[in-house]
1. Only residues in the range 176-189 that are more than 21 Å from His134 (Cα to Cα) count as the first member; pair them with residues that are β-branched (Val, Ile, Thr) and open to solvent by 10 Å² or more (accessible area, probe 1.4 Å), Cβ under 7 angstrom, at least 6 apart or cross-chain, and list the lot.
2. Residue check: is Tyr4 assigned to a strand (DSSP E or B), open to solvent by less than 70 Å² (accessible area, probe 1.4 Å) and more than 26 Å from Cys172 (Cβ to Cβ)?
3. Just to be sure I understand, how many residues within the range 276-303 are small (Gly, Ala, Ser) and either part of a strand (DSSP E or B) or within 20 Å of Phe162 (Cβ to Cβ) (or both)?
4. For Asp133, only one of the following conditions fails: (1) open to solvent by 30 Å² or more (accessible area, probe 1.4 Å); (2) modelled with pLDDT under 95. What is its number?
5. If you check Pro266, Pro250, Pro329, which single one turns out to be in contact with a Gly (Cβ under 9 Å, 6 or more places away or on another chain) and of a type outside the set (Lys, Arg)?
6. Checking the conditions here, which among Ile160, Ile127 is touching a helix residue (DSSP H, G or I) at 6+ places or on another chain (Cβ under 8 Å), in contact (Cβ under 8 Å) with a residue 24 or more places away in the chain and of a type in the set (A, V, I, L, M)?
7. Suppose we keep only residues that are modelled with pLDDT under 95 and not polar (S, T, N, Q) within the range 43-77. Which one would you say is most open to solvent (accessible area, probe 1.4 Å)?
8. Could you figure out which of (1) open to solvent by less than 70 Å² (accessible area, probe 1.4 Å); (2) assigned to a strand (DSSP E or B); (3) among the hydroxyl-bearing types (Ser, Thr, Tyr) isn't true of Thr111?
Amino acid sequence: MKFYHITEKPLKIYGLAVADKETRRFWKLTEEALAKFPQYDYLGRRACGGRVRFCTDSPRMTIRMTLAQTKEDINIPLSGSAGADIYLGSGKDAVFLGYLAPAVHVMEEITVEKTFEKNGEMELVTINFPRNDHLLSMEVGVEENAQMKEAPEYSIQEPIVFYGSSITEGGCASRAGNAYTSILGRWLDADYINLGFSGSARGEEEMARYIAGISPMSLFVYDYDHNAPDAAWLARTHEPFFRIIRESRPDLPVVMLTRPDVDKEPLEAKERRDIIHRTYENARKAGDELVWFVDGGTYFGSEGRSECTVDGTHPNALGFMRMAQTLYPVLKMALKARPPKA
């Protein structure tokens, strides 16, 4: 087989701020951002939300991946915490091919590889990077006589930016492609950036300014409800966060979400929901027509709600699917509402 590193053409990486083969850094935050936000240090070096895309007609494909370690996460199997998964095709027609992941938890560097079989037709391949453990290297091997071509650009090339908690980050999906952000990016055929920070997203003004500076960006979706220590914190930060984004990006559609797990503490969940809805209401009263609000309590529906999470908080594959099904029409509407470029 002939092998291509994911940083080599015609392969192309999406969703990461840093992708450096020599230093083995595949991060969702830049070094400058990591220096500015020390609370995101470990999390900002994750590659979650990152993808590599290409087209090949090879009937066999080998993926070799090196991770810094595979720390145990009690709520996520290794397929989700340290696994990369592969899809063929795009949009709602994309088909899951398989995943590769280490078989054991280790606190040291580990390399795994796996061979997948597909038909011999030219197909779009997307590999979703692991959620938890730091990616150090990835190579893709194809048959010697196979063709490798650049992937077509996403239908929505300007990325959707998601900011929020561990749920935004993909916890606790059984594999990377099951996270609601991954599902929506795939269904919408849209590039996206996952700025989920497990336990650490507090709606800081500096983070709002960082996000406002991401360009280009087609849509901003934010939900740090879970990581705000209490309702008072959320009330102090949620609307100022939005105003920073809006002042910098007056034509950017913004979707505001609330937490999905409202059953355990319904009174607190309602208080937090009302705070976020107030930000939305104030924007609409001020004439802002590029804002949307989604009540997270509606994600899981009325039947089988307790089957939608791993631990009563973090969605599993079913919970993330229901989240995606609820959010998909909202994001489609928001994307269509973008003002035309001058």
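The values are calculated or read from the model by the stated rules, or taken from the named source; none is laboratory data. These figures come from a predicted structure and were not determined experimentally. Counting neighbours? That spans all protein chains shown, and the Cβs are built from the backbone with ideal geometry, glycine included. Heavy atoms of the whole protein, side chains included, go into the accessibility calculation; ligands, DNA and RNA do not. Shrake-Rupley method; radii C 1.70, N 1.55, O 1.52, S 1.80 Å.
1. Leu188/Ile156; Asp189/Ile156
2. Values: assigned to a strand (DSSP E or B): yes; open to solvent by less than 70 Å² (accessible area, probe 1.4 Å): yes; more than 26 Å from Cys172 (Cβ to Cβ): yes.
Taking the combined requirement at face value, the residue satisfies it.
3. The first filter runs over the range 276-303 and keeps only residues small (Gly, Ala, Ser), leaving 283, 286-287, 296-297, 301-302.
Next, only the ones that are either part of a strand (DSSP E or B) or within 20 Å of Phe162 (Cβ to Cβ) (or both) stay: 283, 296-297.
Adding up the residues that qualify gives 3.
4. So the condition that Asp133 fails would be (1).
5. On the way: Pro250 fails: in contact with a Gly (Cβ under 9 Å, 6 or more places away or on another chain); Pro329 fails: in contact with a Gly (Cβ under 9 Å, 6 or more places away or on another chain).
Exactly one residue qualifies, and that residue is Pro266.
6. Working: Ile127 fails: touching a helix residue (DSSP H, G or I) at 6+ places or on another chain (Cβ under 8 Å).
Sole residue among the options that is touching a helix residue (DSSP H, G or I) at 6+ places or on another chain (Cβ under 8 Å), in contact (Cβ under 8 Å) with a residue 24 or more places away in the chain and of a type in the set (A, V, I, L, M): Ile160.
7. Within the range 43-77, the match that is most open to solvent (accessible area, probe 1.4 Å) is Ile74.
8. (1)
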